[in-house]
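Inspection log for the structure reproduced underneath, given as structure tokens.
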Amino acid sequence: MEPATVGILVAVGVVVLLAVIVGIWFWSARTTLIARRTRVDDAWSDITTQLARRGALVPDLVEAVHGYATHETAAFDRLLAARDETTSARTPGEASVAEAHVQTSLKAVFAVAESYPQLLSSQAFLRLQSELVETEDGIQAARRSYNGSVRELNAGARSFPAKLFARGPAYAEREFFEVSQPSAIAEPPRVQF
């Protein structure tokens, strides 16, 4: 072969190799972005599962406390309304607002419960309280996981080369699940004996 032909073949080979490397880089960035989006969706599903679990416990808690404090219907109604608000929330923003309402309402119901020593010694109430605390811890853990996943997805979608194809609603930045009143969730509601 002539030296000119060899030079052209080498140049074409280098261009093809560079194109393959760039293609793999873009494919890898897109795959990573899709995986992060899936992780965010899974983390949100974990949150909604935990919120639904707590929502299932609330009527039992209301019934247990209501049996002793029948005159406190306003506190029970607020808790049930807050529970409905949380379970119907479709976005992290809606859930954030509802979460503050639930926490405030739970604290009010537990404050009512503290006035009834017989209730505080009830095994059913203690079991409900324990399950509720476990669920609150699960919500906190799921929220941290979700927010971490959202942070990774949003940062990845803004970086090159992912931002070239991270357009449209499927790759829109996700909203964090922040609580509007951080003090409301500083500690899960607990009954002091």
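The values are calculated or read from the model by the stated rules, or taken from the named source; none is laboratory data. Everything quoted here is computed from the prediction, not taken from an experiment. Cβ sites come from the backbone with ideal geometry, for glycine too, and all protein chains shown count toward neighbours.
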>> Checking the structure you have, find out if any residue of region 17-26 is over 18 Å from residue 140 (Cβ atoms) and not hydrophobic (A, V, I, L, M, F, W, C).
In response: yes
> How about region 69-119: which of its residues are β-branched (Val, Ile, Thr), more than 20 Å from the chain's Cα centre (by Cα) and closer than 21 Å to residue 53 by Cβ?
Replying inline: 109
>> Just the residues that are within 30 Å of residue 175 (Cβ to Cβ) and crowded, with 20+ Cβ neighbours inside 10 Å, please, taken from region 56-67.
In response: 58, 61
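One line per residue, one yes/no per condition, for (1) surrounded by fewer than 19 Cβ atoms within 10 Å (Cβ to Cβ); (2) among the aromatic types (Phe, Trp, Tyr); (3) modelled with pLDDT of 90 or more:
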{"site": "106", "(1), (2), (3)": "no, no, yes"}
{"site": "114", "(1), (2), (3)": "yes, no, no"}
{"site": "120", "(1), (2), (3)": "yes, no, no"}
{"site": "123", "(1), (2), (3)": "yes, no, no"}
{"site": "133", "(1), (2), (3)": "yes, no, yes"}
{"site": "137", "(1), (2), (3)": "yes, no, yes"}
{"site": "145", "(1), (2), (3)": "yes, no, yes"}
> Looking at (1) under 30 Å from residue 25 (Cα atoms); (2) in a helix (DSSP H, G or I), which is the only condition residue 160 fails?
Replying inline: (2)
> So how many residues does region 108-119 have that are over 18 Å from residue 59 (Cβ atoms) and touching a residue at least 60 places away in the same chain (Cβ under 8 Å)?
Replying inline: 1
> Which residue pairs have Cβ atoms closer than 7 Å, lie 6 or more positions apart in sequence or on different chains, and pair a first residue in region 147-170 that is of a type in the set (Ser, Thr, Tyr) with a second residue that is modelled with pLDDT of 80 or more?
Replying inline: 149/36; 149/39; 149/40; 149/43
>> Condition first: closer than 21 Å to residue 130 by Cβ and in contact with a helix residue (DSSP H, G or I) (Cβ under 7 Å, 6 or more places away or on another chain). Now tell me which residues in region 60-74 satisfy that.
In response: 60, 61, 62, 64, 65, 66, 68, 69
> Taking the condition at pLDDT 90 or above, out of contact with any Phe, Trp or Tyr (no Cβ under 8 Å at 6 or more places or on another chain) and either charged (D, E, K, R) or in a helix (DSSP H, G or I) (or both), does residue 40 pass?
Replying inline: no
